[in-house]
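Presented below is the structure to which this report refers.
No value in this document is a laboratory result; all are computed from the given coordinates. As the structure is a computational prediction, the values presented were derived from the model and not from experiment. Positions of Cβ are backbone-derived with ideal geometry, glycine not excepted, and every protein chain shown enters the neighbour counts.
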Amino acid sequence: MISYFLFATWHFGLQDGFLVMLLTWSFFVLATPIPDAGIILDLPIRYLFGIKMIFTEIIVWLFAISLNIMSIIFYENIYEKTFVLKLFKLIILHPLPYFLIISFSALGTFFTLYVSDEVYNILSYKKSKKFINHKHSIKFFTLCSVIIFVFVLYDLLLKELGIKIL
């Protein structure tokens, strides 16, 4: 994050660079089906204070959503600075079908954190009946389905924008 902040500041100035860095981070939080704040915040807070990772991630999501609401209202032009932010603006401003990306990303993120909390409990020698009793194959299938659906939605979005990856 520090490297990207320095890069963005060099290209866009201090204020815009900081906002570009935060909005790019919020893109990865809200539009990818993995717990992006997990390594940076969730796991250390769980280890130090015992607060479940899912609760920390809820706060992260609320911050990311608030940041984007304020940015769309007051600094909408900032989304034109990078390709990722242009894509993110399109997702935010066109709820159907692109808001499904955020919805399925939330499912993937919070499902992963639910499982991660249970794994943490097992690794820290706490008994966790929830994790032991659930069928691993159903959880794996559900997570794979969410990830595949997000990729399909992104493919649709990229085709509409006329962007070819390969």
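Sort L14, L67, L153, L113 by Cβ crowding within 10 Å, fewest neighbours at the top.
L14, L67, L153, L113
Helix-only mean residue ellipticity at 222 nm, the chain, DSSP H runs n ≥ 4 weighted -39,500 (n - 2.57), per residue, nearest 500. What is it?
Rounded to the nearest 500, it is -25500 deg cm²/dmol.
Given axes a ≥ b ≥ c from the Cα gyration tensor, I'd like to know whether the stretch 24-66 is rounded (a/c under 1.5), prolate (a/b larger than b/c) or oblate.
Here the stretch 24-66 falls in the prolate category.
Rank these for me by crowding, L90, L22, L96, going from fewest to most other beta carbons within 10 Å.
L96, L90, L22
Can you tell me how much longer the chain between F7 and H94 gets when fully stretched, taken as 0.36 nm per residue apart minus their C-alpha distance, in nm with one decimal?
Residue separation times 0.36 nm, minus the Cα-Cα distance, leaves 28.4 nm.
Give me the distance in nm between label points sitting 7 Å out from Cα along the Cα-to-Cβ direction at F55 and C144, one decimal.
My value for the distance between the label points is 3.4 nm.
Quick one: length gained pulling K164 to I72 fully straight, 0.36 nm per residue minus the C-alpha distance?
30.4 nm is the gain from fully extending K164 to I72.
Go ahead and set up a Gaussian network model of the chain, Cα springs under 10 Å, then flag whichever of F83, F111, F55 fluctuates most.
Greatest mean-square fluctuation among the candidates belongs to F83.
Taking each pair of distinct Cα atoms in the stretch 28-108 once, what is the resulting Kirkwood hydrodynamic radius in Å?
Computed over Cα pairs of the stretch 28-108, the Kirkwood hydrodynamic radius comes out at 13.6 Å.
Tell me, Y4, Y120 in order of fewest to most beta-carbon neighbours within 10 Å?
Y4, Y120
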